[in-house]
Each structure stands twice: as C-alpha cells, then as structure tokens.
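Student: Could you have a look at this structure, given as structure tokens, before my questions?
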Amino acid sequence: MYGGRPLIEKYGRYVLISRQDLDLADRWFGRYGEAIIFTSRLLPAIRTFISFPAGIARMNLKRFVFYTFAGSLPWCLGLAYVGQKLGEQWNKDERLKTLFHRFDFVIGIIGLLAVIWWVRRHLKHLQEDRQKGMSS
C-alpha cells in the first residue's frame, strides 16, 4: 500500500516487472479484484503474493480480509483433510510414497520452464521499454 505504483515503476525492473505488467494488473484488479483475491487464495504460490496488488490498488481492508478468509478456508480444510487421510496410509503403503515421488521431477521441470518463460518475457518487455525510451 505504501509506495504503490511509483515505487514499482522505479524499482520493478530489478525484479523483472514491466509497465505492461502493471497496466495489465491494474485493469484486471479494477474489474475483478474481489474474485482475484478469492481465487488466488486457492492457488499455491500465487496465494502468497496476491496481497501486493491488493495493497497497491488500495482495496478496502474489510473486503480484502473477507475474501482472503473465504478463499483460504476451503484450501486449508482441503489440505487438512487430504493430509489426515494420506497420513493414515503413508507408513502403511510404500506405493503411496513412490507415487508421490514420481511427480517431484515433473513438478520441478514445469516450475523451471515457467520461470524461464517468465524471465524471457520480462526481459523482452524491458528491452522494448528501453527502446521506446531512447526513441522518445
């Protein structure tokens, strides 16, 4: 909430945030802010960072807390239930451990590819911004 867009415009390039990203986030958050907060609380990784755009957009705190709670509750209940059921079987059945470890490599590769795509995309945007700045 403090610093807002001017701070991100000034220092965002160091973490590969372009003006295009900010414009897109502003448009989406302006139209679908509550739904974005609710939905993003259900998604791993994204749930951690959704508070930043909400603060920058100066979303009403009561609404933010409500949608955060509403979105986090199913996630937490679901994880607790799955953890309980899997925990009961974890030490009884070695096949379960083997099955889950098969996905470690796939998830790691998908994560790595996503990071590479994101970095390349942002470096391209930063280069375009620099070229626009030089030609102006």
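Student: When Ala45 is evaluated against the numbered criteria (1) in contact with a helix residue (DSSP H, G or I) (Cβ under 8 Å, 6 or more places away or on another chain); (2) on the phi > 0 side of the Ramachandran plot, which criterion, by number, is the only one it fails?
Tutor: Every condition holds for Ala45 apart from (1).
Student: How do the pairs read when you match residues in the stretch 94-118 that are under 17 Å from Val82 (Cα atoms) and touching a residue at least 24 places away in the same chain (Cβ under 8 Å) with residues anywhere that are open to solvent by 100 Å² or more (accessible area, probe 1.4 Å) and among the acidic types (Asp, Glu), using Cβ under 6 Å and keeping only pairs 6 or more apart or on different chains?
Tutor: Listed by first residue and then by second, the contacts come to nothing, as the list is empty.
Student: Residues in the stretch 84-130 that are more than 30 Å from Arg19 (Cβ to Cβ), open to solvent by 100 Å² or more (accessible area, probe 1.4 Å) and of a type in the set (A, V, I, L, M, F, W, C): how many?
Tutor: Matching residues across the stretch 84-130 total 3.
The values are calculated or read from the model by the stated rules, or taken from the named source; none is laboratory data. These numbers come from a predicted model, not from an experiment. Positions of Cβ are generated from backbone atoms using ideal geometry, with glycine treated the same way; all protein chains shown enter the neighbour counts. The protein model used for the area step is the full one, side chains on, heavy atoms only, and it has no ligands, DNA or RNA in it. Shrake-Rupley method; radii C 1.70, N 1.55, O 1.52, S 1.80 Å.
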